[in-house]
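The values are calculated or read from the model by the stated rules, or taken from the named source; none is laboratory data. Predicted, not measured: the structure shown is a model, and the values here were computed from it. Here the Cβ is made from the backbone with ideal geometry for all residues, glycine too, and neighbour counts use every protein chain on show.
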Amino acid sequence: MDMSGEFKVNGTSNAYNGLVPQTLNNGSATGTYVSLGLHGRAMFCCQLGTVAQGGTIAWQVLQATDAAGTGSKNFTGGTQSGAIAAMTTSNTTQYICVDASQLDVANGYDHIAIKATEGGSANVAVACQIVRGTSRYKDLGMTVGT
């Protein structure tokens, strides 16, 4: 996973609501699985709203074999070997980029999702969007999912 590289949004990118806005307290939530089968990269735009005192969110990219999350497991490609550094500050955003070639495609893993885990026993408002880029086909066009 390349968190420092440039991510270009062009006419063949797709944006989706990856994790609906919600409040977590000492729990976790997993977003929608989307396919990277026709895309080379994806970027998660992970956002925190209000963070109560002591609240902390760790983000984890997951991979699966289909949109239902079958065989879900942690994505450990690139520089990610575990959860992304925890976020503790209200109204902040963290961007996480995923290169589709680093997924376990040999075993059928071509879907990704984001998981947010609150570990500080405090209310934390979270949300995340996914933007898929570098489409293999020019005619896909820019769409915004729900």
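Gln63 falls short on exactly one of the conditions (1) modelled with pLDDT under 95; (2) within 16 Å of Leu103 (Cβ to Cβ); (3) of a type in the set (S, T, N, Q), and that condition is (1).
Read through the list (1) of a type in the set (S, T, N, Q); (2) part of a loop (DSSP other than H, G, I, E, B); (3) over 26 Å from Thr134 (Cα atoms), then give the number of the only condition that Gln22 fails. Looking at each condition in turn, Gln22 falls short on (2). Selection of region 1-36 for residues being surrounded by fewer than 21 Cβ atoms within 10 Å (Cβ to Cβ), modelled with pLDDT of 90 or more and either among the basic types (Lys, Arg) or over 11 Å from the mean Cα position of the chain (by Cα) (or both) yields Val20, Pro21, Gln22, Thr23, Leu24, Asn25, Asn26, Gly27, Ser28, Ala29, Ser35.
Kindly establish whether Gly54 is within 21 Å of Gly77 (Cα to Cα) and outside any strand (DSSP E or B). No.
Of all residue pairs spaced 6 or more apart or on separate chains, those with beta-carbon atoms under 8 Å, a first member in region 116-130 that is more than 14 Å from Phe44 (Cβ to Cβ) and a second member that is assigned to a strand (DSSP E or B) and of a type in the set (Gly, Ala, Ser) are Thr117/Ser28; Thr117/Ala58; Glu118/Ser28; Gly119/Ala58; Gly119/Ala86; Val124/Gly49; Ala125/Gly49.
Here Ile57 clears all of (1) surrounded by fewer than 19 Cβ atoms within 10 Å (Cβ to Cβ); (2) at negative phi except the condition numbered (1).
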